[in-house]
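The values are calculated or read from the model by the stated rules, or taken from the named source; none is laboratory data. Note that this is a predicted model, so its numbers are computed, not measured. Neighbour counts run over all protein chains shown; Cβ positions are idealised from the backbone, glycine included. These accessible areas exclude ligands, DNA and RNA; they are computed on the full protein's heavy atoms, side chains included. Shrake-Rupley method; radii C 1.70, N 1.55, O 1.52, S 1.80 Å.
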Amino acid sequence: DTAVSQTPKYLVTQMGNDKSIKCEQNLGHDTMYWYKQDSKKFLKIMFSYNNKELIINETVPNRFSPKSPDKAHLNLHINSLELGDSAVYFCASSQTRAEAFFGQGTRLTVV
Amino acid sequence: AQSVTQLGSHVSVSEGALVLLRCNYSSSVPPYLFWYVQYPNQGLQLLLKYTTGATLVKGINGFEAEFKKSETSFHLTKPSAHMSDAAEYFCAVMASGTYKYIFGTGTRLKVLA
């Protein structure tokens, strides 16, 4: 069973479109995250939810909106996609202050 | 504020040689420290972690790291490199009392035959 699963794995879309990435964890963790990995492999935190409550909201354009319907799910919706949004987006989960478990990533390409 | 510095964006070693990947951190409170490995087109996999207790921690695949508070370092080592160790390695810090994992810029390890 996959611990943290993201869909889709690949996403190619045109500028201006709206897209969503879904994430689910079956580890029973309290905290979930979205990270962005750029072309230079740099990992930057975007958002974090703890028990469905937003606890980290980094300097991210408000075109990005996370939603956590329950503790096991954290989705990322992106409006009006831009070329600069092209990256790999990772979902992760953790129990409080333990190690984070990462999904396989979603490679977003905006053309 | 916490930060992580990984010295050397690229490291090459011969198969069978010692692997040493450097990580220094900055944290105003006792940190939790992690090393992750990322293989091409995959997610991050935990190699090892330090939270409290023994400062020498052993991880998977023969890796280990030592927490040195006086040097604010958490370097990753492996006595003998295998071809399968070629990957990107990330050091990460989480300050106690926060939920945020801060990652270094990564080190790409190349293993030469």
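Observations on the model:
- Given B:69/B:100; A:9/A:36; A:40/B:49; A:19/A:40; A:41/B:110, the pairs whose alpha carbons are separated by over 26 Å: none
- Kirkwood Rh and Cα Rg combined as Rg/Rh, the protein assembly as shown: 0.97
- For the range B:1-58 versus the range A:37-75, the inter-centroid distance based on Cα atoms is 23 Å.
- For chain A, the solvent-accessible area works out to 49 Å² per residue, with a probe of 1.4 Å and every protein chain left in place.
- One decimal place: the segment residue B:77-residue B:5 gains 24.3 nm when fully extended, by the rule 0.36 nm per residue minus the C-alpha distance.
- 23 Å tail of the calculated P(r), the range A:32-111, as % of Cα pairs: 16
- The mean of 1/r over all distinct Cα pairs in the range B:1-90, once inverted, gives the Kirkwood hydrodynamic radius of 13.6 Å.
- Protein accessible area in the range B:26-113, 1.4 Å probe - carbon and sulfur %: 54
- In the assembled protein chains, residue B:80 presents an accessible area of approximately 50 Å² (probe radius 1.4 Å).
- Using a 1.4 Å probe over protein heavy atoms, the accessible area lost on pairing A with B, summed over both chains, comes to approximately 2000 Å².
- Averaged over peptide B:28-36, the number of partner chain Cβ atoms lying within 10 Å of each residue's Cβ comes to 1.
- Residue mean of other protein chain beta carbons inside 10 Å, A:33-42: 3
- When B:39, B:25 are compared by accessible surface with a 1.4 Å probe, the order from highest to lowest is B:39, B:25.
- Whether the range B:43-97 is rounded, prolate or oblate, judged on the alpha carbon gyration tensor where a/c under 1.5 counts as rounded: prolate
- Per residue of peptide A:96-105, the mean number of Cβ atoms on other chains within 10 Å of the residue Cβ is 6.
- With protein chains left intact and a 1.4 Å probe, residues in the range B:7-113 average 46 Å² of accessible area per residue.
- Here the contact order of the range B:69-113, divided by its residue count and restricted to Cα pairs under 8 Å and six or more residues apart, works out to 40 percent.
- Percent carbon-and-sulfur accessible area, the range A:1-86, ignoring ligands, DNA and RNA, probe 1.4 Å: 48
- Relative protection proxy for B:81-93, B:53-65, from highest mean packing down: B:81-93, B:53-65 (other beta-carbon atoms within 10 angstrom).
- For the range B:40-64, heavy-atom accessible area (probe 1.4 Å) falls by no less than 30 Å² from the chain alone to the full protein assembly at B:41, B:43, B:44, B:49.
- The mean sequence separation of alpha-carbon pairs under 8 Å and at least six residues apart, normalised by the residue count of the range A:42-90, gives a relative contact order of 25 percent.
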